[in-house]
Amino acid sequence: MIEAVIKAFKHSRDGNVAMMFGLVIFVLLAGAGAAVDFQRVGSMKADLQESADAALIAAVRKKMADPQMTDAEFNQLARRFFDANLENDDSVTISDFNIRWDAEKSAYILDYNANIKSLLMAPTEKGSFDIGIATEAKLGKPPFLEIVMALDNTGSMNSNQKLKNLKVAAKGLTETLLSHVNAEVKIGLVPFAQYVSVGADKEGAAWLDAPTQGNAFKGCVGSRAYPANTIDSDYLNNQIPGLNGAPCPNDILAMTDQEDDIKAAIDAMKGAGWTYIPAGLAWGWRAISDGEPFDQGESNAYIAQRNGMKALIVLTDGKNTKSPDYPTHKNSNIIDANQLTRELCDGIKADKIVVYSIAFDITDPLVRQLLEDCATTPGHYFKAENAADLNRAFVSIATSIQGIVLSK
């Protein structure tokens, strides 16, 4: 049909017909060009979506491995993945590329605009096509998870509402990890200062050498002689020394999946006393292991079988001010206390426990370095100078633990 019309126009000598022929040819070519360009744009849009999906998933996985990654680094990493997947097509211009966190959806959302140059329609007004793209990666149920928070409960935490802000952040992490249906998560709490309290109900336990003189045992414990104070074993032959009259924070909360119990223990924390970080580390390790003194943890073999994870969060707002004189912690040998901190951190990590460390309102570079070295990687270390930083640190830890799936 079209060929017959063109043939008729071709043999006509009428001026009007020739002019009409030119117009019809232009319309036909424009229509054919539009069809080709629209088909091409549809194909490009699919390629853009695939590139965005792949880039977002890859970037989020990297961020999970490096929770300290900044928003700028996160976006730059995603853009590099995106450009590599798209193979730098010169006909496409990308703008407003940005990843944002949607707390209500528990999802990372990538938004950007794409301008695609038309090929056959370039002479017309439609020289390009503008497309808005969005892709969403939702955080899913955490893996089989055991996590203990060893939190500074010293007197300095009472200043500048630090303890209050810590409670909010710690409860937020608890809510996030336990909010998923059928979540297999257990969380424990170790408040520490100069000492740690295992609870008065532990009197009579085979691993505890409770005092027999003085007032009734209230749960406060000291340290076994070195090097037993840096390992998690041999408690029946070398018991934990109980103390009477020593200043202790609230009792350790053994790992549990009961959200109300965890939040109540967090709310009950009080700031008092001096700082001895090894106390929090040692008992965080003991609380998450599969043997006594606390045996709520699973074995490493079982964790591996379930593709699960053990993690410990240690937070402090100050340097070690006390060190052990065995069994008490009345000395002030900071070098000794720091070395014990390092040995415990190394032992915990060697036991396949992921360590997150948080320096809260700390200016001392030596203490910051001590905590950064304690973390599993530098990306697992956080420097929080205020409440907002602290909240971001706990949110980053929670998101780094959870699974990730495309949801849009």
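Can you check what the net charge comes to around Ser156, using other residues whose Cβ is under 9 Å from the Cβ of Ser156 (Lys, Arg +1; Asp, Glu -1)?
In short, -2.
Near Pro142, within a Cβ-to-Cβ distance under 12 Å, what is the net charge of the other residues, with Lys and Arg +1 and Asp and Glu -1?
0
Between beta-carbons, use under 13 Å as the cut-off and find the net charge around Arg79, counting Lys and Arg +1, Asp and Glu -1.
-3
Suppose a student asked you for the relative contact order of the chain, using Cα pairs under 8 Å spaced at least 6 residues apart; what percent would you report?
This gives 18 percent for the chain.
Between Lys270 and Gln49, take the C-beta separation as r, use R0 = 60 Å, and let me know the FRET efficiency to the nearest 0.05.
0.70
Which of the trypsin sites (Lys or Arg not before Pro) across the range 253-360 are loop residues per DSSP, with 15 or fewer other Cβ within 10 Å?
Lys270, Arg306, Lys330, Lys352
What is the spin-label model distance, in nm, from Ser299 to Ile334 if the labels are put 7 Å beyond Cα along the C-beta direction?
4.4
Quick one: grab the alpha carbon gyration tensor of the chain, order the square roots of its eigenvalues as a ≥ b ≥ c, and give me rounded if a/c is under 1.5, else prolate or oblate depending on whether a/b is larger than b/c.
Prolate is the answer for the chain, as a/c is 1.5 or above and a/b outweighs b/c.
Subtract the Cα-Cα distance of Asp260 and Asp351 from 0.36 nm times their separation in residues, and report this length gain in nm to one decimal.
Using 0.36 nm per residue and subtracting the Cα-Cα distance, I get 29.8 nm.
How much of Asp267 can a 1.4 Å solvent probe reach, expressed as accessible area in Å² and rounded to 10?
Probe radius 1.4 Å; accessible area of Asp267 about 80 Å².
Give the angle, between 0 and 90 degrees and rounded to the nearest 10, that separates the Cα long axis of helix 71-86 from the longest principal axis of the Cα atoms of the chain.
40
Cross-link list Lys62/Lys310; Lys162/Lys349; Lys186/Lys349; Lys263/Lys383: which exceed 31 angstrom alpha carbon to alpha carbon?
Check vs 31 Å cut-off fails for no pair.
For the full complex of protein chains and a 1.4 angstrom probe, list Arg392, Arg224 by accessible area with the highest value first.
Per-residue accessible area, sorted high to low, gives Arg392, Arg224.
Pairing the Cα long axis of helix 365-374 with the longest principal axis of the chain, what angle in degrees results, from 0 to 90 and rounded to the nearest 10?
That helix lies at roughly 80 degrees to the long axis.
By per-residue mean of other Cβ atoms within 10 Å, what is the highest-first order of 252-259, 71-78, 52-59, 98-105?
Per-residue mean Cβ counts within 10 Å order the peptides as 52-59, 252-259, 71-78, 98-105.
The values are calculated or read from the model by the stated rules, or taken from the named source; none is laboratory data. Predicted model only: the values in this text are computed from it and were never measured. Methodologically, a virtual Cβ is constructed for each residue, glycine included, from the backbone with ideal geometry; neighbour enumeration extends over all protein chains shown. When the accessible area is computed, the model is the full protein with side chains, heavy atoms only, and any ligands, DNA or RNA have been set aside. Shrake-Rupley method; radii C 1.70, N 1.55, O 1.52, S 1.80 Å.
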